[in-house]
Amino acid sequence: MQCPYANKCGGCPYRSQTLEAYQKGKREEFIKKLSKLVEQPEKYGQPIFIEDGQRRRASLAFEKKKGKIVLGFNAHHSKEIVDIESCSLLTDKLNRILRPIKQLLEEMFQTPVTKRPLKKKIKPEAEKGDIWLCEADNGIDIVLEMSKELGLNEREILADFLQREQNIIRIAQRFKKDAPTETIIEKAKPIITMGGREVYIPSGTFLQASKAAETALINQVQQYIGDDTGLIADLFCGVGTFSYPLSRQKENKIVAADSNTEALRAFEATINKNKISNIKIIERNLFKYTLDKDELQGFDIIIFDPPRAGAKNQIHEITKMSNEQKPKKIIGISCNPDSFVSDANELIKNGYTLKEVTLVDQFVYSPHMELTALFVRKTL
């Protein structure tokens, strides 16, 4: 899809290529990165390419320059913001609110009136930041990220904006990325559907960037599991993306672990609301306090979906187990092929066969890659 900002915006550096050339290059780069595996997978799955117009979650930068608000994405290898009216990556609903959001920011950061007898203008505390957008099933969730403490006037402006815009259901603020959020005003709690369950999502929580990619990843996990059931560990579980569909199989018992308190609270609320009895939640920083080899005993399947750094310490604990104790299957989801290779090599060297790896390309026209992988324990 053509984009008028492709030559400047850093979000899609490969958009100038034809779709065929881009996908061919992405497959080749993916296989090149995985060439560092000590053993190649028995099979490369058919790559999954997500189409344009699917991004339900995005972060846009804004700044007041020369009295006007600039809203968009950073230029390639630059802090300069490319002012945009729409984005080929985003869903229609997100694109439709970009202009109203810019108008909102103009109103919030309008040039202060000079007060007599003072002759100089009062400079606002903050005139830049980020807008985090997330399209839930029932509306759009917004997190305003900036250093400025919101006063009564700004809160009233936000309240009026929320009432005007029917598709927006919540506005929150935080001072920096990963900091706690404060809900400013809320018409409804954002809900998404996962595995047939209505799931409440906290402000600013991690979510797969597109519904299509989320569905593809869930389908891959279910395909790898096949007819197997039993005790399943869902490590780095977030809001429960994989736990919900797996819980529909009553023979499964799922232990879900993560360190994100807000995500786990939402996860627990959904479990209680839906009366799901076969999921147990553990709040645990799996980088610092891994599930050790004794705690891992009895699991039939382990799923891990770590941040970009990978799951090195947790994988190491699995390799400490005797062959009889190790889970029959391990399913990896990764947003960083480089850290995945490191984790995979340790599993391969310690009793596992890498059966399949599949590229999932949800960040279209960018160098980013995600993947799913199936490891099966060798029989001695």
Check your understanding: Where residues in the range 68-102 are open to solvent by less than 60 Å² (accessible area, probe 1.4 Å), part of a helix (DSSP H, G or I) and not aliphatic (A, V, I, L, M), which of them is nearest to GLN208 (Cα to Cα)?
Key -> ASN95
Exercise for review: State the number of residues belonging to the range 301-312 that are within 22 Å of the chain's Cα centre (by Cα) and either outside any loop (DSSP other than H, G, I, E, B) or among the hydroxyl-bearing types (Ser, Thr, Tyr) (or both).
Suggested key: 4
Exercise for review: Scan the range 187-220 for residues that are under 21 Å from ILE331 (Cβ atoms) and open to solvent by 40 Å² or more (accessible area, probe 1.4 Å) and report the count.
Suggested key: 5
Study note, to complete from the structure: Those residues of the range 283-300 that are more than 20 Å from the chain's Cα centre (by Cα), surrounded by fewer than 17 Cβ atoms within 10 Å (Cβ to Cβ) and free of Cβ contacts under 8 Å to residues at least 60 places away in the same chain come to a total of 7
Review point. Before we move on, is ASN260 modelled with pLDDT under 95 and farther than 22 Å from GLN220 by Cα?
Key: yes
Review point. Given LYS65, LYS32, which one is charged (D, E, K, R), open to solvent by 70 Å² or more (accessible area, probe 1.4 Å) and under 24 Å from PHE375 (Cβ atoms)?
Key: LYS32
Review point. Here are some conditions: (1) open to solvent by 30 Å² or more (accessible area, probe 1.4 Å); (2) touching a Phe, Trp or Tyr at 6+ places or on another chain (Cβ under 7 Å). LEU105 meets all but one. Which one does it not meet?
Key: (1)
Study note, to complete from the structure: Cβ pairs under 7 Å, 6+ apart or interchain, first in the range 54-75 and without any contact (Cβ under 8 Å) to a residue 60 or more places away in the chain, second crowded, with 16+ Cβ neighbours inside 10 Å and part of a strand (DSSP E or B), ordered by first then second residue, are ILE69/PHE62; VAL70/PHE62; VAL70/GLU63; VAL70/ILE81; VAL70/ASP83
Revision key, fill the gap. Among the residues of the range 76-104, the number that are without any contact (Cβ under 8 Å) to a residue 12 or more places away in the chain and within 13 Å of SER59 (Cα to Cα) is 1
Practice item. Name every residue in the range 87-123 that is at pLDDT 95 or above and among the hydroxyl-bearing types (Ser, Thr, Tyr), in order of residue number. Key: THR91
Check your understanding: Which of the residues belonging to the range 160-179 are of a type in the set (D, E, K, R) and in a strand (DSSP E or B)?
Key -> ARG170, ARG174
Review point. Could you say which residue among LEU231, LEU150, LEU246 is open to solvent by less than 70 Å² (accessible area, probe 1.4 Å) and within 22 Å of the chain's Cα centre (by Cα)?
Key: LEU246
Check your understanding: Under the condition of being in contact with a strand residue (DSSP E or B) (Cβ under 8 Å, 6 or more places away or on another chain) and open to solvent by 70 Å² or more (accessible area, probe 1.4 Å), which residue from the range 168-186 is nearest to SER259 (Cα to Cα)?
Key -> PRO180
Study note, to complete from the structure: Just one listed residue, out of TYR22, TYR5, is part of a loop (DSSP other than H, G, I, E, B), crowded, with 17+ Cβ neighbours inside 10 Å, in contact (Cβ under 8 Å) with a residue 24 or more places away in the chain and not small (Gly, Ala, Ser), and it is TYR5
Revision key, fill the gap. Going through the range 301-333 in order, the residues found to be free of Cβ contacts under 8 Å to residues at least 12 places away in the same chain and in contact with an Asp or Glu (Cβ under 7 Å, 6 or more places away or on another chain) are none
Review point. Assuming ILE157 fulfils every condition listed in (1) surrounded by 19 or more Cβ atoms within 10 Å (Cβ to Cβ); (2) part of a helix (DSSP H, G or I) apart from one, which condition is it?
Key: (1)
Practice item. Scan the range 192-207 and report the pairs whose first residue is over 23 Å from PHE363 (Cα atoms) and acidic (Asp, Glu) and whose second residue is open to solvent by 20 Å² or more (accessible area, probe 1.4 Å) and part of a loop (DSSP other than H, G, I, E, B), with Cβ atoms within less than 9 Å and a gap of 6+ or a chain change. Key: GLU198/ASP137
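The values are calculated or read from the model by the stated rules, or taken from the named source; none is laboratory data. Keep in mind that this is a model prediction, so the values were computed, not measured. Here Cβ is always computed from backbone atoms with ideal geometry, including for glycine, and neighbour counts include all displayed protein chains. Keep in mind that these areas ignore ligands, DNA and RNA; they rest on the heavy atoms of the full protein, side chains included. Shrake-Rupley method; radii C 1.70, N 1.55, O 1.52, S 1.80 Å.
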